[in-house]
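Below is one structure; the comments refer to it alone.
The values are calculated or read from the model by the stated rules, or taken from the named source; none is laboratory data. Predicted, not measured: the structure shown is a model, and the values here were computed from it. Positions of Cβ are generated from backbone atoms using ideal geometry, with glycine treated the same way; all protein chains shown enter the neighbour counts. Surface areas here come from the heavy atoms of the whole protein model, side chains and all, with no ligands, DNA or RNA. Shrake-Rupley method; radii C 1.70, N 1.55, O 1.52, S 1.80 Å.
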Amino acid sequence: MGKYLLLVGMNVPDKAKEKEFNDWYNTIHLPDVLEISEFEKATRWENIAPAEKDAKFLALYEIETPDIEATMKKLEATIG
């Protein structure tokens with residue numbers, strides 16, 4: 001069984017929609033992803049001083065799976 005980390009960086013182009021994005025991410029997206037049995041944990045951060053092209057929001061997913069390619073296909077099917 002292999003252990004993996006998936007780091008995702010995100011930006012919201014319209015700052016007025018950041019609260020809406022974070023509400024969706026925390027209450028809909030994360031629970032959907034964590035329904036995939038191989039996804040063990042998710043942690044989110046906000047970069048309070050990102051450089052111009054850096055991500056403001058970060059998510060780190062902890063995955064344990066014997067087949068990372070199959071697990072990533074499950075993720076793609078879940079998030080569309």
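Just the residues that are more than 19 Å from M72 (Cα to Cα) and among the basic types (K, R), please, taken from the stretch 1-43.
Answer for the stretch 1-43, where residues must be more than 19 Å from M72 (Cα to Cα) and among the basic types (K, R): K15, K17, K19.
Please give the number of the condition M72 fails out of (1) of a type in the set (A, V, I, L, M, F, W, C); (2) assigned to a helix (DSSP H, G or I); (3) open to solvent by 80 Å² or more (accessible area, probe 1.4 Å).
Of (1) of a type in the set (A, V, I, L, M, F, W, C); (2) assigned to a helix (DSSP H, G or I); (3) open to solvent by 80 Å² or more (accessible area, probe 1.4 Å), only one is false for M72: (3).
What is the number of the single condition among (1) open to solvent by 40 Å² or more (accessible area, probe 1.4 Å); (2) free of Cβ contacts under 8 Å to residues at least 24 places away in the same chain; (3) part of a strand (DSSP E or B) that E64 does not meet?
Every listed condition holds for E64 apart from (2).
Within the stretch 1-39, how many residues are among the aliphatic types (A, V, I, L, M), touching a helix residue (DSSP H, G or I) at 6+ places or on another chain (Cβ under 9 Å) and assigned to a helix (DSSP H, G or I)?
Total satisfying the criteria: 1.
Taking the criterion of being in contact (Cβ under 8 Å) with a residue 12 or more places away in the chain, of a type in the set (A, V, I, L, M) and not in a helix (DSSP H, G or I), would at least one residue in the stretch 40-57 satisfy it?
Scanning the stretch 40-57, I find at least one residue that is in contact (Cβ under 8 Å) with a residue 12 or more places away in the chain, of a type in the set (A, V, I, L, M) and not in a helix (DSSP H, G or I), so the answer is yes.
I'm trying to understand the selection: among the residues of the stretch 16-31, which are closer than 13 Å to Y61 by Cα and open to solvent by 40 Å² or more (accessible area, probe 1.4 Å)?
P31
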